[in-house]
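Read the structure below first, then the notes.
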Amino acid sequence: MSLTTTNMRQNFTIVARLLILSLGSAVSAFAQVSPDWTDPFPPFHIAGNLYYVGSKGLASYLVTTPQGNILINSDLEANVPMIQASIEKLGFKFKDTKILLISHAHWDHAAGSAKIKEMTGASYMVMEGDVPVVESGGMSDFQYGQTPGALYPPAKVDRVLHDGDEVKLGGTALVAHLTPGHTRGCTTWTMKVTEAGRTYNVLILGSPNVNPGYKLVDNKAYPQIAQDYESMWRVLKSLPCDIFLGAHGSYFGMEQKYPLLKNGQPNSFIDPQGYQKYITQKEQDFRTELAKQSSAVK
Ligand SMILES: [Zn+2]
């Protein structure tokens with residue numbers, strides 16, 4: 001083997017390594033997209049006046065009332081026609097959407113909001129801490145503000161919500177609980193539903209996740225992030241939950257519970273133990289990550 005060939009090979013290896021490195025960082029600079037986010041899922045009745053109208057990976061809920069409907073989560077822009085079709089498949093009118101709510105201001109729950117507002121004229125109600133994020137189309141997000149793929153059409157907020165505020169329509173009331181950390185205005189929704197003469201506490205979890213890359217220690221863009229997560233655990237542990245739901249079906253095992261939903265059988269979404277178990281695990285994950293990041297700083 002000549003010296004030139006060896007050099008060429010070495011050069012090639014270096015170039016290949018650089019290419020792999022730059023590709024890797026390019027990929028991580030983009031927002032994560034899970035393929036099941038745009039996979040359809042059959043719309044279904046959960047309990048009382050509450051229905052599932054989301055995709056396989058992104059949860060959306062419809063609350064129906066005699067004065068029009070409330071939609072929770074607009075999801076990706078690409079999901080809007082699917083949400084509309086799901087609502088209509090259940091026999092409701094998309095145009096009857098009077099109020100639009102979100103779990104939190106990330107693209108996978110809020111990117112379709114501008115489109116839904118335009119199509120239905122719904123009033124958009126968002127928790128205070130998330131308002132600048134949705135109104136800037138994700139650009140003021142503390143983590144993903146510079147991330148291509150995490151930005152979306154800005155949508156004007158019609159009512160700014162605060163912790164404990166009620167959203168009322170046609171005899172139904174949803175309560176907005178501030179459960180911050182994942183985003184500044186991350187919201188856990190609760191409501192009561194009545195099914196076969198019994199009343200149940202519904203809880204739609206905003207997000208308990210510490211995403212990859214989240215800085216819990218010395219976060220200049222979000223200095224109080226760790227305290228906010230702490231406040232979220234306190235709130236989540238204090239809320240009553242019979243019917244456990246969330247911003248992603250994976251939080252509450254939707255794909256496992258859905259086939260069990262059969263007429264006359266106990267509603268598989270009534271799962272208070274599953275809720276407690278889930279938030280206990282998520283709090284543990286947070287504490288492990290916080291300890292890891294704290295010891296790295298010392
Ligand atoms: Zn999120």
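Side notes on the structure shown:
- Residue selection: Ala85 fails the criterion of being within 22 Å of Ser34 (Cα to Cα) and within 16 Å of the ligand (Cβ to nearest atom).
- Residue within region 79-94 that is touching a helix residue (DSSP H, G or I) at 6+ places or on another chain (Cβ under 7 Å), surrounded by 24 or more Cβ atoms within 10 Å (Cβ to Cβ) and within 27 Å of Leu178 (Cβ to Cβ) present: yes
- So Pro223, is it over 23 Å from Ser123 (Cβ atoms) and within 15 Å of the ligand (Cβ to nearest atom): no
- Within region 237-257, the residues that satisfy the criterion of being away from the ligand (no atom under 16 Å from the Cβ) and on the phi < 0 side of the Ramachandran plot are Lys237, Ser238, Leu239, Pro240, Cys241, Asp242, Ile243, Phe244, Met254, Glu255, Gln256, Lys257.
- Within region 65-80, the residues that satisfy the criterion of being part of a loop (DSSP other than H, G, I, E, B) and touching a strand residue (DSSP E or B) at 6+ places or on another chain (Cβ under 8 Å) are Gln67, Asn73, Ser74.
- Each residue in region 88-119 was checked for being in a helix (DSSP H, G or I) and within 15 Å of the ligand (Cβ to nearest atom), and 5 of them qualify.
- Any hit, region 156-168, residues being within 16 Å of the ligand (Cβ to nearest atom) and not β-branched (Val, Ile, Thr): no
Per-residue answers, yes or no, for (1) surrounded by 16 or more Cβ atoms within 10 Å (Cβ to Cβ); (2) touching a strand residue (DSSP E or B) at 6+ places or on another chain (Cβ under 8 Å); (3) not aromatic (Phe, Trp, Tyr):
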residue: Glu135; (1), (2), (3): yes, no, yes
residue: Asp158; (1), (2), (3): no, yes, yes
residue: Leu161; (1), (2), (3): yes, yes, yes
residue: Leu169; (1), (2), (3): yes, yes, yes
residue: Thr172; (1), (2), (3): yes, yes, yes
residue: His182; (1), (2), (3): yes, no, yes
residue: Glu195; (1), (2), (3): yes, yes, yes
residue: Asn201; (1), (2), (3): yes, yes, yes
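- Against the conditions (1) within 16 Å of the ligand (Cβ to nearest atom); (2) in contact with a Ser or Thr (Cβ under 7 Å, 6 or more places away or on another chain); (3) free of Cβ contacts under 8 Å to residues at least 40 places away in the same chain, Ser60 satisfies every one except (2).
Each row is one residue, and each column tells you yes or no for (1) under 30 Å from Ala47 (Cβ atoms); (2) open to solvent by 40 Å² or more (accessible area, probe 1.4 Å).
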position	(1), (2)
Leu216	no, no
Gln227	no, yes
Leu236	yes, no
His248	yes, no
Phe252	yes, no
Lys262	yes, yes
Thr280	yes, yes
Glu289	no, yes
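- Comparison of Pro208, Pro240, Pro266 shows that the only residue that is surrounded by fewer than 16 Cβ atoms within 10 Å (Cβ to Cβ) and modelled with pLDDT of 95 or more is Pro240.
- Condition met for Asp75 (within 27 Å of Ala47 (Cα to Cα), crowded, with 16+ Cβ neighbours inside 10 Å, within 13 Å of the ligand (Cβ to nearest atom) and in contact (Cβ under 8 Å) with a residue 12 or more places away in the chain): yes
- Pairs are defined by a Cβ separation below 6 Å, a sequence spacing of at least 6 or placement on different chains, a first member in region 247-259 that is within 12 Å of Ile204 (Cα to Cα), and a second member that is away from the ligand (no atom under 16 Å from the Cβ); the pairs so defined are Phe252/Phe244.
- Only one of Tyr152, Tyr144 that is of a type in the set (Ser, Thr, Tyr), within 16 Å of the ligand (Cβ to nearest atom), in contact with an Asp or Glu (Cβ under 7 Å, 6 or more places away or on another chain) and part of a loop (DSSP other than H, G, I, E, B): Tyr152
The values are calculated or read from the model by the stated rules, or taken from the named source; none is laboratory data. Worth saying up front: this structure is predicted, and the values here are computed from it rather than measured. With ideal geometry, Cβ positions are generated from the backbone for all residues, glycine too; neighbour counts draw on all protein chains shown. Heavy atoms of the whole protein, side chains included, go into the accessibility calculation; ligands, DNA and RNA do not. Shrake-Rupley method; radii C 1.70, N 1.55, O 1.52, S 1.80 Å.
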